[in-house]
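In what follows, a structure is listed as C-alpha cells, so that the remarks can point back to it.
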There are 2 protein chains.
Amino acid sequence: MVDAIEDGASEDTEGEPLLLSERIRNALTDEIAAGELLPGAALDEQQLANRFGASRTPVREALRQLAVSGLVDIRPRRGVVVARMTPERVMEMFETVAEIEALCVRLATYRMTPAERGRLLELHDEASRAAEAGDVDAYDGINAAFHEALYNATHNEFLAEQAIGLRGRLNGFRRTQLRHKDRLDRSIAEHGAILAAIAEGDGDTASRRMRAHMLNAAIALRRYLEDR
Amino acid sequence: MVDAIEDGASEDTEGEPLLLSERIRNALTDEIAAGELLPGAALDEQQLANRFGASRTPVREALRQLAVSGLVDIRPRRGVVVARMTPERVMEMFETVAEIEALCVRLATYRMTPAERGRLLELHDEASRAAEAGDVDAYDGINAAFHEALYNATHNEFLAEQAIGLRGRLNGFRRTQLRHKDRLDRSIAEHGAILAAIAEGDGDTASRRMRAHMLNAAIALRRYLEDR
DNA sequence: CATGAGCTATATGTATACATGAGCGACTGA
DNA sequence: TCAGTCGCTCATGTATACATATAGCTCATG
C-alpha cells in the first residue's frame, strides 16, 4: 500500500523540494478530482500519513486546506470525508461555473490581443482533430487549455484564478459526460460558435453561447447520472 | 498582550466549544478584514500562539487555511504575511466582485420570491434611514445584509457562498471609501435604481446597474487611495 | 568603505507524545 | 428479546520536541 510520493518524476523538473504538506495536498486534490476517492469516503489521518510516508501533521494541514477549497468536509472530532455532493449542489456548481465562464468570455472578447485570439483558434483546431480521432483524453486536455486561455484573455488575473479554481472542482464530474461521442462533437461545434462571436467582437453573443455551452454539458451530465 | 479568545461572550450563545484552530482562524480573519493587521505584516507563529494562549499547531492550521482563502501569503520556510495586494490586484478583485454581483442580481430578479423582494425593500429603507442619520457603521451592516439577501435570492446556494466569500475579502477596503457622505448617498440612490429594475422584472437592467454601482464604489476607493 | 563569505540565531517544517470526546459493544434489567 | 447504560477503544485535537533552511550579523578582503 506504500506509494510515497515520488518527487519530480512527473513534471516538476525544477529541483525545488516542495513542502510535504503541499505534495500531500496536491496528491489528494488529484485523487478527488479524478474520482479515485469517492464522495463520502472517510479520510483517516494516520492511514494517509502511512500511505504518504509522513506524520499526521502535514496530512492534517493538507486536509484543512482541502476543506477550505470545499473538496472535503470536516466534522470536528468526527473525521474528514470527501465532500459528499447532492445532485442539486452539483447542478448549482455547474450553473455557477457556466455564468463565470460566460462573463469571462464577454470580458475576453473586448480585451484579448490578436495573439490571444490566434492561440484560441489554434486550440480549437487541435481539439477538432482530437475529437475526430476519438482521443477523449487529448480532447480533455486541449479543452481545459482552451478555457484557461479564455480566462487569461480577460486580463484580470484574479478572475482567472477564481475561474480555474471553480473549474477544477468540477473535474471529477466533467470527464464522465464527455464519453459520449456525439456530446463531444456538439462541444466542438459550440466552441466554434463562441469563437465566431468573439471574432465579430460581439461579447454578449459570445457570452450567451458560452453559457448555453456549459449548461448543455450540465444537462448531458444529469442525463448520464440519471441513467445509472 | 494576552487576550486569549473569550468564548461565546460575543454571540455564540450556543455552548458549542469551537475548535481552537477555528477560533484563531475567525479572529485573524476579522482582524485582517477590519484592517487591524495591515497588508505585508508578518505573522509569527509562536507570537500568535502566545497571543491566543495556544500552541503553534492550531495557529499553523489557521494560517494554512487563510492562505487558501487568499487572506495571507505563505512563503515556504520564510514565514506568513498578510496578503500584500497591489492596487492593480485590488481593482481586479473589485471588478470580479462587481461582475459576480451583477450576475447574482440578474438571476435573483428572475427567481426571487415575493417575500424576498419585500425583505430587500425593507433593508433598503433601513439603509436610507441609517444614511440620513449619518450612521456609517449601521449602514455598513445593512448594506452587507442587502447584498447577501440578493445572493440568497438567486436560489443557488453554491453561488451565494462564493459571492459571500469574495465580498468578505474586500471588506478591509470597502469600509474606507464609504466615509464620504456623498458617496454614501449615491450608494443609496444606486440601490434604489437596482430595486426599481428588479421590480419591473428586468434582470439585465438590474444587472447593469449593479455592475455600475460596484464599479462606482471601486472608483471612489481608487480616488481615496490616490489621495493619500 | 563597500562587498561578500561564513557562522549563528531563530522561525518554520515535521515528528512524536499526550488529552479528550465520539463511537461501539457488552452487560444489566425488564 | 429488547432497551438503556456503562465503559472501553481509538481517532481527533493539541502540545511539545526535534530537524533544517533562512536571515542577519560578523569579519575578512578588495
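Any read-out appearing in this document is the output of simple, stated calculations on the displayed coordinates, not a laboratory observation. The structure presented is a predicted model; accordingly, all values stated were derived computationally and were not measured. FYI the Cβ positions are ideal-geometry reconstructions off the backbone, even for glycines, and counts take in every protein chain you see.
Values computed for the structure shown
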item	result
Relative contact order (%) - criterion: Cα under 8 Å, at least six apart; region: chain B	21 percent
Residue order, fewest to most beta carbons within 10 Å, for A:Thr57, B:Thr86	B:Thr86, A:Thr57
Listed residue (A:Ser128, A:Met112, A:Ala34) projecting farthest to the positive dipole end of chain A, Cβ model	A:Ala34
Other copies of A:Ala41: label-to-label distances in nm, shortest first, labels 7 Å along the beta-carbon direction	4.1
Residues B:Ile32, B:Ile164, A:Ile188, sorted so that the one with the fewest Cβ neighbours within 10 Å comes first	B:Ile164, A:Ile188, B:Ile32
Gyration tensor (alpha-carbon) shape descriptor, the protein assembly as shown, a/c threshold 1.5	oblate
Nm distances between copies for A:Glu226, ranked from closest, using label points 7 Å along Cα→Cβ	5.4
Check: the protein assembly as shown dipole with +1 on Lys, Arg Cβ and -1 on Asp, Glu Cβ, in debye	40 debye
Shielding by partners - mean other protein chain Cβ count within 10 Å, residues of A:159-171	2
In the stretch A:139-228, GluC sites (Glu not before Pro) in a DSSP loop with at most 14 other beta-carbon atoms within 10 Å	A:Glu200
Nm distances between copies for A:Leu121, ranked from closest, using label points 7 Å along Cα→Cβ	5.3
Chain A Cβ-axis minimum, rotational copy B, residue and distance in Å	A:Val68, 2
Cα-based equivalent ellipsoid, the stretch A:60-132: semi-axes from gyration tensor eigenvalues, Å	37, 15, 14
Ranked A:His213, A:His180, criterion: other C-beta atoms within 10 Å, fewest first	A:His180, A:His213
Cα-based shape type of the stretch A:20-82, given that a ≥ b ≥ c are square roots of the gyration tensor eigenvalues and the cut on a/c is 1.5	rounded
DSSP-loop trypsin sites (Lys or Arg not before Pro) across the stretch A:32-86, with at most 12 other Cβ within 10 angstrom	A:Arg77, A:Arg78, A:Arg84
Shielding by partners - mean other protein chain Cβ count within 10 Å, residues of B:61-74	3
10 Å Cβ neighbours from other chains, averaged over peptide A:19-30	1
Shape call, the stretch A:87-227: gyration tensor on alpha carbons, a/c limit 1.5	oblate
